[in-house]
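Here the structure is laid out as structure tokens; the discussion comes afterwards.
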């Protein structure tokens, strides 16, 4: 091709066709439950450009052919879902939940002679939620009659699980941690030149991490739990998906155990064996 012809050749489009968006949106919803309405087309393009570069695809057409006709969907799924999931999280996010846990639930458990507490952070993101839970449980056990505890932390994204397991965070992220808990459970980074902190290894040892898809037909998470936190993830699901997730979560919750959902979420319209005890906190009947 001459230089003139090469200069006149159309540039590879960096926009996704409506057909390819529909294919990806349908797959993402079926696999993860995440709604992908037409208004998110530009967002999806932006998030998948890194996957185009990683796979050597020259365009969204090439990438979608690679996935759906080229037989790469199974091996690419984890990376695709990692790219599209939203992982907003903070320590002591929606702090009233942790107040209710330490002021109402745990004192009642101690009075009933609880020997151990099993908690599940069902959409743990980069780990702020399960480590917050660990701080609250550990501190309460130290201040009252000691009890054992274990926290399972799961997420769909392998990227955030890797970060969570490391337990290393930018120091600004731990600003919401109360000072007495920060002194006990948050340590300086190994490299003093970095604005990072790390969670105390004793606390990290109480949290186990695993990948789990809330769209799975059942949740292989062991014995039922006393506490399940599934917050600020169902807002990305449609109503039928929300109902299915809530029903499966209830199956993994002990009678008398508590389910915590996000402050902008609701269980209205879903027939569940739950009684509301506080704002977005429910007790299993």
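Here are the numbers for the structure shown:
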read-out	value
Residue in region 63-73 that is out of contact with any helix residue (DSSP H, G or I) (no Cβ under 7 Å at 6 or more places or on another chain), touching a residue at least 12 places away in the same chain (Cβ under 8 Å) and either buried (at least 19 other Cβ atoms within 10 Å of the Cβ) or not assigned by TED's automatic domain parsing to the domain that holds residue 23 (or both) present	no
Test: residue in region 198-205 that is modelled with pLDDT of 95 or more, farther than 19 Å from residue 89 by Cβ and in a helix (DSSP H, G or I)	yes
Some residue of region 267-278 being in the same structural domain as residue 104 (by TED's automatic domain parsing), touching a residue at least 40 places away in the same chain (Cβ under 8 Å), closer than 19 Å to residue 106 by Cα and assigned to a loop (DSSP other than H, G, I, E, B)	no
Number of positions in region 174-193 that are assigned to a loop (DSSP other than H, G, I, E, B), in contact with a strand residue (DSSP E or B) (Cβ under 9 Å, 6 or more places away or on another chain) and surrounded by 11 or more Cβ atoms within 10 Å (Cβ to Cβ)	2
Breaking point among (1) in a helix (DSSP H, G or I); (2) farther than 17 Å from residue 124 by Cα; (3) without any contact (Cβ under 8 Å) to a residue 60 or more places away in the chain, for residue 241	(3)
Filter pass, residue 48 being farther than 30 Å from residue 177 by Cβ, surrounded by 19 or more Cβ atoms within 10 Å (Cβ to Cβ) and in contact (Cβ under 8 Å) with a residue 24 or more places away in the chain	yes
Test result for residue 200, under 30 Å from residue 142 (Cβ atoms), surrounded by 14 or more Cβ atoms within 10 Å (Cβ to Cβ) and without any contact (Cβ under 8 Å) to a residue 24 or more places away in the chain	yes
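The values are calculated or read from the model by the stated rules, or taken from the named source; none is laboratory data. The shown structure was predicted, so the numbers you read here are calculated from the model rather than taken from an experiment. Neighbour counts run over all protein chains shown; Cβ positions are idealised from the backbone, glycine included.
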